[in-house]
Ligand code: ATP
Ligand code: MG
């Protein structure tokens, strides 16, 4: 389980996360939505230790990661995978090398083991035939599916997605959402920052609505989308639905 307790984050005098508390239970899919600048990415980046919280605690499987040393930080990063809006693939490595690099380097897999895992993952995301291609030869949707496969190659317990479909042409959104839906069905624990309300509605166990650094609502999707409690959420939904 991931547990965030009274998290605050400031950049200089700008407090962008204000008293955030939430739980992501094993097997849950949590959709995080809200207007631009509300702190969604910063929240994910704090959970993944890409940002240091100003105040508060984050527990990952009962380990307080806000007081962690470097060695344990590496272990946590293995447990918590991240998929970004702009893919962040290694441009000078093939698809297969993108998938095998970290497992060999960080997880001490043999090359052979890593290739076997990568082959299975590429099959799972429908890209077996692209194993030897370089990222520049892939469509956006293919790149994002490779990025998801690469995150999975580390065998994470949690996957964080930061607007995984926002940089994609509309016709490529579905192929990526389908992969994410499959993962959810297989029980992967996921936190997904998204503007895809259909996905949130269909796949999420819980929707978290953020505005101006605060969580304003936490509710099951059917409740959130049909009966948002705050004016801010009503207003937001009117604009995006
Ligand atoms: P979007 O939907 O546009 O991605 P968001 O909800 O992800 O927005 P964040 O990127 O978390 O929002 O940003 C929240 C606030 O923190 C913004 O005001 C942003 O300018 C500020 N911010 C984010 N990262 C930094 C940084 N590294 N240095 C200074 N300010 C930052
Ligand atoms: Mg963001």
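The values are calculated or read from the model by the stated rules, or taken from the named source; none is laboratory data. Computed from a prediction, not measured in an experiment: that's the story for all the values here. Here the Cβ positions follow ideal geometry from the backbone for every residue, glycine too, while neighbour counts run over all protein chains shown.
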Out of the residues in region 49-62 meeting the condition of being away from ligand 2 (no atom under 16 Å from the Cβ) and within 16 Å of residue 82 (Cα to Cα), tell me which one is surrounded by the fewest Cβ atoms within 10 Å (Cβ to Cβ).
49
Considering every residue within region 66-82, establish whether at least one is in a loop (DSSP other than H, G, I, E, B) and within 16 Å of ligand 1 (Cβ to nearest atom).
no
Identify the single condition in (1) under 28 Å from residue 1 (Cβ atoms); (2) surrounded by 20 or more Cβ atoms within 10 Å (Cβ to Cβ); (3) within 16 Å of ligand 2 (Cβ to nearest atom) that residue 24 does not satisfy, given that it satisfies every other one.
(3)
For residue 236, state whether it is in contact (Cβ under 8 Å) with a residue 12 or more places away in the chain, part of a helix (DSSP H, G or I), under 30 Å from residue 9 (Cα atoms) and more than 16 Å from ligand 1 (Cβ to nearest atom).
no
Among the residues of region 27-36 satisfying the criterion of being over 18 Å from residue 5 (Cβ atoms) and in contact (Cβ under 8 Å) with a residue 60 or more places away in the chain, which is farthest from ligand 2 (Cβ to nearest atom)?
27
Restricting to region 167-194, give me the number of residues that are in contact with a strand residue (DSSP E or B) (Cβ under 9 Å, 6 or more places away or on another chain) and assigned to a loop (DSSP other than H, G, I, E, B).
2
Sort out which residues of region 167-194 are within 16 Å of ligand 2 (Cβ to nearest atom) and over 13 Å from the mean Cα position of the chain (by Cα), and write them in order of number.
167, 168
Residue, surrounded by the fewest Cβ atoms within 10 Å (Cβ to Cβ), within region 35-48, restricted to residues that are modelled with pLDDT of 95 or more and more than 6 Å from ligand 1 (Cβ to nearest atom):
35
Going through region 219-241 in order, the residues found to be surrounded by fewer than 18 Cβ atoms within 10 Å (Cβ to Cβ) and closer than 25 Å to residue 84 by Cβ are 239, 240
Take the residues in region 161-177 that are within 16 Å of ligand 1 (Cβ to nearest atom) and buried (at least 19 other Cβ atoms within 10 Å of the Cβ), then tell me which one is farthest from residue 200 (Cα to Cα).
168
When residue 89 is evaluated against the numbered criteria (1) touching a residue at least 60 places away in the same chain (Cβ under 8 Å); (2) in contact with a helix residue (DSSP H, G or I) (Cβ under 9 Å, 6 or more places away or on another chain); (3) within 16 Å of ligand 2 (Cβ to nearest atom), which criterion, by number, is the only one it fails?
(3)
Members of region 10-34 found to be in contact with a helix residue (DSSP H, G or I) (Cβ under 9 Å, 6 or more places away or on another chain) and either at pLDDT below 95 or in a strand (DSSP E or B) (or both), listed by number
11, 16, 17, 20, 22, 24, 29, 31, 32, 33
